[in-house]
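One structure below.
Readers should treat all values here as calculations from the given coordinates under stated rules, not as data from a laboratory. Note that the coordinates shown come from a computational prediction; the quantities given were computed from them, not determined experimentally. Note that we place each Cβ from the backbone using ideal geometry, even for glycine, and neighbour counts take in every protein chain shown.
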Amino acid sequence: MSATATPAPAPAAPPPVETMTVKVNGKTLQVPKTMPDWQGKPQPTTMLQAARFAGVDIPHYCYHDKLPVAGNCRMCLVEFGTPMMGPDRKPVLNEDGSPKIAKSVLPYEPGTPRGAIACASPISPGMEIYADSPATKQMREAVLESLLINHPLDCPICDQAGECKLQEYSVQHGQAGSKFVEAKVHKPKEVDLGPRIVLDDERCVLCTRCIRFTKDIAGDDALGIVNRGSYNTIAAWQEGKFDNNYTLNTVDLCPVGALTSKDFRFKMRVWFLKETKSVCTSCGTGCSITIGSREGVIHRYEPRENDAVNGPWMCDEGRLNYKWVGRADRLKDVLVRGQKSDWTTATREISAKLAAAPAGSVAIIASARQTTEELFLLKKLATKLGALTDSIAREGEGDKLLVNADKNPNSNGARLTGIAFTEFGFSLPKIADGIAKGTIRTLIVFGEDVTKHGLGADLLAKLDTLIVSEILPNATTAAATYVLPGAAHAEKRGTFVNVKGRLQKFMKAVEAPGDARAEWEFLHELVFNVTGQNGFVSIEGLFNQMAKEVPAFAGLEWAKVGDTGVNVPI
Amino acid sequence: MPEQYKLILKHADEPGYTPDLGCYLRHGGYEALKKAFATSPRALADGKSLSPQEVVRDDVKASGLRGRGGAGFSAGLKWSFVDRRSGKPIYLICNADESEPGTFKDRQIMHKDPHQLIEGMIISCWANDVKLAYIYIRGEMPHGAKLLEQALAEARNAGFLGKNILGTGYNLEIYVHRGAGAYICGEETGLIESLEGKRAYPRIKPPYFPAVLGLYMCPTIVNNVETLCHVKHIVTMGAGEYAKLGTPNNTGTRIVSLSGDVKQPGYYEIEVGKVTLGQLIHDANFGGGLKPGRSLKAVIPGGSSSKVLKAGEVFKLNRKGADGQMTKVDVPMLDLPYDFDSLQAAGTMSGSSAIIVLDDSRSMVETLANLSEFYAHESCGQCTPCREGALWLAKGLHRLSHGEGRKADAEYLSHIAQNIQGRTICAFGEAAAWPVLSFIKKFKDEFEAKGAADEAAHAKGAGPSHELKLAASPNQH
């Protein structure tokens, strides 16, 4: 459970959950009569959901918690039994008084067990689910065998290897030998579905997760099945035209290696990837993500399930927006008046200048792409220096699913720490005016190219000192007295507050290049040198201090913010 | 000697009988509809009363009418499952996708007497508060579709269809929808998907029982062509009189499609259970016997998906004696009464009432290979066991029937089929598996002999095929 800053108003007490008794693998348990379906609507609890209460995971390919149920893979077939009813419609009892159970059998062959698909079959009172009986295992083995007879078994070169449900279930339910002696069905190996997706039809198990996601979640009826029977293949309405902003989710959803990402295809074995919990920075939604990296290089972003933010999905644009982190022209050196320098020199000089600066002679333009902790430190500097502060709005287009029109990941962080007003850019004209009139002599810029926002090179030239922290070079860094190379979010820890007030923390996946450092590290040195305040040497300490000082974060502790974040009042 | 009993096909084959409305009216057409509309409410013992529509529904249940499509389920019971409280419209669909190999009965009705179907439909729709109905006709029957369109237009012009039918205030429209030629469209939920404009993937049940969540997620009745025609006759005759036709629990008449190795293949309408399989095959009124010099080998009794019966088989069936007690009696295969229950008791089904007769000139291996090829081609491919299993069976049988067999193939094929039946979304799994399971069970010697002969031929130097090389090392794919 994640902590909340101020407890949300208690929702009306939910009605008591009605339960029924079922048995799973011999274990008696009470389970709710209804459970949320893929849209969150209460529906009769299924056998698959009931089994989870017993800690039993029933294998499946086509079923997905957040998609409409299809029931086509048949991997979740389980043997079951229900209380036997007498002619008087009363339960028939065993000698010990327990209800007699009638096991499900084929109506036309009473000696043969009949399975039910656990994903779609509702439980009934007294039902017994035999999720590991010999009959259930035999059904699973047979389904897996059917899925494998025409499968190319090209695991050595398959991107999915290592995270493939065929492999996983083969370990559990596979058979050493195959009795298949016929020629395999061959299908297209490299179908260009769309700009970001390539399909290998031979690996496809036709579970239709991709079709259902694209139609029912992304709202784009672009995928379907063509041909018949064993020759069925997934197809886009027009080859190459599967192109909405959510297509790459189908690669995550694909339980096998059929749908592949052009970006990731044949690039990296997944078992070499280090997984780091992080947050997408491409817009104000702040989807929870997992960064896959190896030896300091990021290879992919994947959505990380978070029902408070993005569910299990993310947009393609955000997912592919990682390559700038590894760009060759990243700022790697500390520069003092254009010359390569070092952190000790730059920090000493900047600290001395700021300590001596008359009140009101410094202005700060921060970025809502910075972490909340960094903005908090900048605000401390600003308070001490009597500095005007502001941030820069970044507006774009949103959509109905996840993409927000606010392209900054931490606009609310900038507002809550007091760096910017509700309306970004409110103070920019005043800062420009101050520079023009000569009252502002020092400008601190973090992560923005102010030359594009009314502070042109001519104006910047009037300053005594321009202190710039950036990740990539731009016109502002070109004009800077001091260039302090910063770290991308993937290279440090911190928090963002999304457009809905969800505060999420993110972890460090890779090292920053060269001398680049996490901004909060050198900012806390500057703050100490200029204000004398200390105590922020670790991100934990810094966050906890911020929680004490910023009202919106009251009561929060770094260690208590869970992986999916907490809501804060905005 | 038993004879045909022509109820549905009473006029269809009479000289000069034409499918137009005028001819139908001259033969008493649409009188049943008028009679249905004039039904009086019926008082019940408990003081409640049934509305006229409820009376007709009750009569259909009381008549014992069972579905003529394949499953033989009680039509009245099916109607009683319809969710009438949902507030959604109720739809009725006539399943005219007749495509089970060996079956050619519904097309006789549609081609020769389309108004009989339409009258049966209008009565059924009225009785079930249906305002919109569809006839889903198989794509390969363009002529039937054309005749039905014409008949519907005639009925509309004559006031039997459309708004305020015969001045009763009841409105109904019926549309013809042509399939595109897939066997699976005969499966009622696959049919509904197809009618909705989608790929005919059968729906999972639960939750998508048509009576509750059918066409456009509304309550829906799906009945076979012949079944709907019987509703007209139940109204005309009254449930009690109708139920006297046939035998108890197997009431009315049925049109049997007889094909294969008989002298007189064709369609024959009989009272259900009043004629035996043997009479249908041998009597001069029906099949007229086998071709000269041939002996009977097997009978596929209810469409190609039903389990085969072997000549000479004897079944133990329950029979009610004169004292009213049930006793087990031996019934030879040819003495099986042709009805729902007897064939079920014999381990097969009357299905779509299509009898395929096989004489001793037929290879069971090749016959089964042919059937399996059909099912592999028609599997929709939605669910795993059928998608992969149906083609697997067909490939194995193709191999066995083309000189590449193995003695072990009989077991091999049975095992594959066993893993299909009962594990699929729809009954197609059974349709694909049952012929294999029953052919191999009953003719195992023939299958093993064929495989053994192939193996022997290869051992003599014919050289194993590519597939057989793989078979030698079974751990390879």
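Within 10 Å, Cβ to Cβ, of B:I255, how many net charges do the neighbouring residues add up to if Lys/Arg are +1 and Asp/Glu are -1? It would help to have the intermediate numbers written out before the result.
Details: positive: B:K6, B:R68, B:K105, B:R254; negative: B:D106, B:E226, B:E269.
In short, +1.
Per the helix-only calculation at 222 nm, which mean residue ellipticity applies to chain A, given -39500 (n - 2.57) for every DSSP H run of n ≥ 4 and division by its residues, nearest 500 deg cm²/dmol? Working shown, then result.
Details: 14 runs with 121 residues, N = 570.
Mean residue ellipticity at 222 nm (helix-derived): -6000 deg cm²/dmol.
Mean per-residue shielding of peptide A:179-189 is 6, counting Cβ atoms of other chains within 10 Å of each Cβ.
Taking the number of Cβ atoms within 10 Å of each Cβ as an exposure proxy, the fewest-first ranking of A:K66, A:K462 is A:K462, A:K66. Note on the range B:364-472: Lys pairs 8 or more places apart or on different chains, Cα atoms under 24 Å apart, count 17. Computed on the Cα trace of the range A:352-472, the radius of gyration divided by the Kirkwood hydrodynamic radius gives Rg/Rh = 0.99. Dipole magnitude for the range B:248-359: computed about the Cα centre from +1 point charges on Lys and Arg Cβ and -1 point charges on Asp and Glu Cβ, it is near 240 debye. For B:V176, the amide hydrogen comes within under 5 Å of the amide hydrogens of B:I135, counting only partners 5 or more places away or on other chains and with H modelled in the peptide plane.
Note down the net charge around B:T168, summing +1 for each Lys or Arg and -1 for each Asp or Glu among other residues with Cβ under 14 Å from its Cβ. Let's see the in-between values first.
Details: positive: B:K34, B:K35, B:K131, B:K163; negative: B:D129.
Computed value for this residue: +3.
A Cβ-based charge dipole, computed about the Cα centre of the range A:335-567 with Lys and Arg at +1 and Asp and Glu at -1, lands at about 340 debye. I'd like the orientation of helix A:372-385 relative to chain A: the angle between its Cα long axis and the longest Cα principal axis, in ° from 0 to 90, rounded to 10. It is inclined by approximately 20 degrees. Shown in residue order for the range B:335-345 are the 3J(HN,Hα) couplings computed by the Karplus curve 6.51 cos²θ - 1.76 cosθ + 1.60 at θ = phi - 60°: 8, 5, x, 7, 8, 5, 6, 5, 5, 5, 5 Hz (x for Gly and Pro). Pair-distance distribution of the range B:183-341: all C-alpha pairs, bin width 5 Å, starting at 0; shares per bin in whole percent are 2, 8, 12, 15, 14, 14, 15, 11, 7, 3, 1, 0. List nothing, just return the count: lysine pairs in the range A:19-147, 8 or more apart or interchain, with Cα separation under 19 Å. For the range A:19-147, the number of qualifying lysine pairs is 12. Relative to the longest principal axis of the Cα atoms of chain A, the long axis of helix A:343-356 makes an angle of roughly 60 degrees. Computed on chain B, with alpha-carbon pairs under 8 angstrom and 6+ residues apart, the relative contact order is 15 percent. Mean residue ellipticity at 222 nm, helices only, chain B: -11500 deg cm²/dmol; runs of at least 4 DSSP H residues each add -39,500 (n - 2.57), and the sum is divided by the number of residues.
Could you size up the charge dipole of chain A around its Cα centre, putting +1 on the beta carbon of Lys and Arg and -1 on that of Asp and Glu, and report it in debye to the nearest 20? All intermediate terms of the calculation are to be shown ahead of the outcome.
Numbers: 66 positive and 65 negative charges, 77 e Å.
That gives a dipole near 360 debye.
Where both bridge residues fall in the range B:21-244, DSSP classifies roughly 20% of the beta bridges as antiparallel.
Convert 20 °C to kelvin, take the viscosity as 1.002 mPa s, use the Kirkwood radius over C-alpha pairs of chain B as Rh, and evaluate the Stokes-Einstein diffusion coefficient in µm²/s, rounded to a whole number. Intermediate results must be reported in sequence, preceding the final value.
On the way: Rh = 23.8 Å.
Rounded, D is 90 µm²/s.
With Cα atoms as the point set, the range A:19-147 shows a radius of gyration and Dmax of 15.0, 45 Å. Compute the angle between helix A:519-531 and the longest alpha-carbon principal axis of chain A, please, reported from 0 to 90 degrees and rounded to the nearest 10. Its long axis makes an angle of about 40 degrees.
The H on the amide N of A:V24, modeled in the peptide plane, is under 5 Å from the matching H of A:L29, A:I129, each at least 5 residues off or on a different chain. Pairs of alpha carbons in the protein assembly as shown separated by more than 44 Å make up 50% of all such pairs.
Sorting A:F266, B:F428, A:F421 from the fewest to the most surrounding beta carbons within 10 angstrom yields A:F266, A:F421, B:F428.
Which ordering of A:K560, A:K187 is given by a fewest-first count of other beta-carbon atoms within 10 Å? The partial results should precede the final answer.
Values: A:K560 14, A:K187 21.
Going from sparsest to densest Cβ surroundings: A:K560, A:K187.
Say the cut-off is 19 Å between C-alpha atoms; which of B:K244/B:K274; A:K407/A:K462; B:K34/B:K244; B:K274/B:K320; B:K6/B:K112; A:K323/A:K379 go over it? Can you show the working numbers first?
On the way: B:K244/B:K274 12 Å; A:K407/A:K462 31 Å; B:K34/B:K244 23 Å; B:K274/B:K320 16 Å; B:K6/B:K112 14 Å; A:K323/A:K379 31 Å.
Where the Cα-Cα span goes over 19 Å, the pairs concerned are A:K407/A:K462; B:K34/B:K244; A:K323/A:K379.
More than 28 angstrom separation, counting every C-alpha pair in the range A:96-255; what % is that? If you can, show how the numbers build up before the last one.
Values: 4738 of 12720 pairs.
Summing the P(r) tail past 28 Å for the range A:96-255 gives 37 percent.
Think of chain B as having a plus end and a minus end, set by charges on the Cβ of Lys, Arg, Asp and Glu; of B:G186, B:V331, B:Y216, B:Y216 sits farthest toward the positive end of this dipole.
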